[in-house]
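The values are calculated or read from the model by the stated rules, or taken from the named source; none is laboratory data. On a predicted model such as this, the values are computed, not experimentally measured, just so you know. A quick note on method: Cβ atoms are made from the backbone with ideal geometry, for glycine too, and the neighbour counts reach across all protein chains shown. Calculation scope for accessible area: heavy atoms of the full protein, side chains included, ligands and nucleic acids excluded. Shrake-Rupley method; radii C 1.70, N 1.55, O 1.52, S 1.80 Å.
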Amino acid sequence: VQLIDGRSDEHVWTETYDRKVENALELQKVVALQIVSELGASLSPTERRLIEHASPSVPEAYDRYLHALALYAAVGHGSELKRRMSDIERRLSETLDLDPAFALAYALRAKTRVQMLGDAIDDDAKDRLGEAARGDIERALVLQPDLPEALAARGRYHTYVSIDPARGLEDLLRALSIAPNDADSHGIAGMTLRRLGRFDEALVH
């Protein structure tokens, strides 16, 4: 692993790791904390908790989550969107069967279920999806109370399900205060601000 200053192309730090593949998920935490130390940065308690819980303990669960995340990042439109969202939900359910304590997977499944509401065939289906999304959000926040993805999911829920965008914006801004570079949270915040008629602020996000 090499850490390079992009402005000068100078090597700041380098390290070689000799570990077994099954320990790769734990290694992510080690590397993240070592880079923070090399940069002389200090982590807030929230940031440290996020690093400590960044990866699940089951590699197969992480693999399914990453596949779902890739699909979520390129959802498409129309019938393709409906099919892909169903596939994402299925993969995340498999992830959680393997690792029921994986908070990130609950958060992503909640976002997916809220998005699926737009294609629900009747009010009963919408109610089921809304209730399931709310359950996922609650579970994610019990597991990791400061998880920005879960806060963003709750923000999306309030904007599109409970139709309370002002409350949704509070969650989204809190999520962005923890993870200011999360593009999905910025996108949801922009759409929420648009619903509130705050167009100039929406464009910033």
Query raised in the report: How many residues does the range 45-78 hold that are open to solvent by less than 50 Å² (accessible area, probe 1.4 Å) and modelled with pLDDT of 75 or more?
Result: 7
Requested in this report: Report, by residue number, each residue of the range 54-71 that is assigned to a helix (DSSP H, G or I) and either under 20 Å from residue 181 (Cβ atoms) or over 19 Å from the mean Cα position of the chain (by Cα) (or both).
Outcome: 65, 66, 69, 70
Report summary line: Of the residues in the range 74-113, those that are in a helix (DSSP H, G or I) and β-branched (Val, Ile, Thr) come to 88, 95, 112
**Report entry** Leading residue by the ranking (nearest to residue 99 (Cα to Cα)) among those in the range 1-15 that are β-branched (Val, Ile, Thr) and touching a residue at least 12 places away in the same chain (Cβ under 8 Å)
**Finding:** 1
Requested in this report: Could you please find all residues in the range 8-53 being touching a helix residue (DSSP H, G or I) at 6+ places or on another chain (Cβ under 9 Å), of a type in the set (Asp, Glu) and not in a loop (DSSP other than H, G, I, E, B)?
Outcome: 22, 47, 52
Query raised in the report: Taking the condition open to solvent by 60 Å² or more (accessible area, probe 1.4 Å), free of Cβ contacts under 8 Å to residues at least 12 places away in the same chain, of a type outside the set (A, V, I, L, M, F, W, C) and out of contact with any Pro (no Cβ under 7 Å at 6 or more places or on another chain), does residue 127 pass?
Result: yes
Query raised in the report: Out of (1) at pLDDT below 95; (2) open to solvent by less than 60 Å² (accessible area, probe 1.4 Å), the odd one out for residue 121 is which?
Result: (2)
Query raised in the report: Which of the residues spanning the range 1-24 are within 26 Å of residue 59 (Cβ to Cβ), out of contact with any Phe, Trp or Tyr (no Cβ under 6 Å at 6 or more places or on another chain) and hydrophobic (A, V, I, L, M, F, W, C)?
Result: 1, 21, 24
